[in-house]
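The values are calculated or read from the model by the stated rules, or taken from the named source; none is laboratory data. The structure presented is a predicted model; accordingly, all values stated were derived computationally and were not measured. Here the Cβ is made from the backbone with ideal geometry for all residues, glycine too, and neighbour counts use every protein chain on show. For the accessible areas, the whole protein counts, side chains as well, though only heavy atoms, and no ligand, DNA or RNA atoms are used. Shrake-Rupley method; radii C 1.70, N 1.55, O 1.52, S 1.80 Å.
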Amino acid sequence: MSFFSPFAITVYLIFALSLMGLPIGLSMIASTVVYLFITGQDMGIAAEQLLQGLNNTYTLLAIPLFILAAEIMNMGSLTDRLLRFCNAIVGRFRGGLGHVNIMSSLIFSGMSGSAIADAAGVGRMVINMMTKDGRYTPAYAAALTSASAVIGPIIPPSIPLVLYGLISDASIGYLFMAGVVPGLLLAFVLMVMNGYLARVRNFPVERAVPLRELPGITWRAIPALMMPVVLLGGIYSGVMTPTEAAAVAALYALLISVVLYRSVTPVGAYRALLASGRSTASIGILIAGALVFNYVVTREDIPQAVSQFLTAMDLTPMGFLLIVNVLLLVLGALLEGGTVLLVIVPILIPTAKLLGIDMVHFGVVVTVNLMIGLITPPYGLLLFIMGNITGESIKRIVRETLPFVFVMLAALAFLTYVPDAVLWLPRRFGYQG
């Protein structure tokens, strides 16, 4: 392919517009219009692809609903009750508040599906707990919060897995199920590393919550803890589709926050709608741009060209997965994860299918990989969010994050080369892959 072909010019233009500050979604739309002009096609095709893509994807409705559920939970006392429950269970061990951080992210991830919602909501509260009276440094609290928030989009429900299901035609229900074990594995390795650092740095041991108080704390947290059960039970029992489950999740969060806990006012509900609308618009522009740009990718037959190139290399499935992991780790450190998922991953899927790689396994590996990119410099969106919350320099946060990145990469390698670890649970529920 020529360095000055229409496709190459389109790619150059996307990067140029992005560097100038234009959102990546709008950059892809504008560059696609230029491509259509250069190739002499009707520029209205861009609008046609956008409208058809959005109108034919009912599954996408799950995204704003999951975001809304997370916003409502962050505004109510639900998050506070979850933190008290987590502290009662694991706060008594050395580095206990670090373990509370990880456990709360694990539970909250079963409700929001978003790393950013996790970090900005429950993460902010845990950081305040950890840094109170100088127990932990702000940089360490920010690093651990960033790392634990990565679990959010892996444990179901998961917005990235919804998007992957959209581009791969893999079952979203089985993708959600396949994310459970990897999410638990990531939580485990983070707790191991936090426990090790707690002993090395002599982090404080918190006062143990008396066992007699545990039933009351658990009882007050049960409505919140039941949300993942309602959500996932509805999907796996066949009663609800993922999109319908997202609507139920938002309604459930609203009911328990307004009726049971009485912690969300009409003004608070309005703010939750406003915040979720902003987040949805941001993701929607990205999806729209990817849908339009994918027309260019398909017309230029890029997936087939990449497939032929990789096939010529005579790669084994494991060799291909190694290349994919390295590629996505690099891209994830430089680009926003949604962009990589919607633009790069569809190019890799045909080769993965040709090599006989299971699409559910591939989706989980891709998602874990891209989520690690959220805490990898120089892009590392979660690092910047934590920097804003704590006021710490990105350099200090990155230094504290490195041990957690290391153990997460080890977990990624295990999940990549032991597919049964990912597919074990879906197969228990009838998955034939």
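Exactly one residue out of L273, L327 is closer than 27 Å to F7 by Cβ and under 25 Å from the mean Cα position of the chain (by Cα), and it is L327.
Filtered by the rule that a residue be open to solvent by 20 Å² or more (accessible area, probe 1.4 Å) and either under 15 Å from F188 (Cβ atoms) or at pLDDT 75 or above (or both), segment 100-119 gives M103, L106, I107. For segment 261-288, the set of residues classified as part of a helix (DSSP H, G or I), of a type outside the set (K, R) and closer than 13 Å to M73 by Cα consists of G268, A269, A272, L273, A275, S276, listed by residue number. From the list V345, V365, the one residue that fits, being in contact with a helix residue (DSSP H, G or I) (Cβ under 9 Å, 6 or more places away or on another chain) and either touching a residue at least 60 places away in the same chain (Cβ under 8 Å) or of a type in the set (D, E) (or both), is V345.
Among the listed residues G332, G319, identify the single one that is open to solvent by less than 10 Å² (accessible area, probe 1.4 Å), in a helix (DSSP H, G or I) and within 24 Å of A410 (Cβ to Cβ). The conditions single out G332.
From the list I29, I45, the one residue that fits, being touching a residue at least 60 places away in the same chain (Cβ under 8 Å), among the aliphatic types (A, V, I, L, M), open to solvent by less than 50 Å² (accessible area, probe 1.4 Å) and under 20 Å from G338 (Cβ atoms), is I29. Does segment 294-307 contain any residue that is farther than 26 Å from G337 by Cα, among the hydroxyl-bearing types (S, T, Y) and part of a helix (DSSP H, G or I)? No, there is no match, as no residue in segment 294-307 is farther than 26 Å from G337 by Cα, among the hydroxyl-bearing types (S, T, Y) and part of a helix (DSSP H, G or I). Comparison of T351, T376, T316 shows that the only residue that is among the hydroxyl-bearing types (S, T, Y) and either more than 24 Å from M28 (Cβ to Cβ) or without any contact (Cβ under 8 Å) to a residue 24 or more places away in the chain (or both) is T316.
Tell me, please, whether a residue that is over 30 Å from P426 (Cβ atoms), β-branched (V, I, T) and either at pLDDT 90 or above or touching a Pro at 6+ places or on another chain (Cβ under 7 Å) (or both) can be found in segment 355-372. No, every residue in segment 355-372 fails to be over 30 Å from P426 (Cβ atoms), β-branched (V, I, T) and either at pLDDT 90 or above or touching a Pro at 6+ places or on another chain (Cβ under 7 Å) (or both). Scanning segment 13-26 for residues that are surrounded by fewer than 13 Cβ atoms within 10 Å (Cβ to Cβ) and either modelled with pLDDT of 85 or more or on the phi > 0 side of the Ramachandran plot (or both) returns A16, M20, G21. Note on segment 71-82: residues that are part of a helix (DSSP H, G or I) and modelled with pLDDT under 75 amount to 6.
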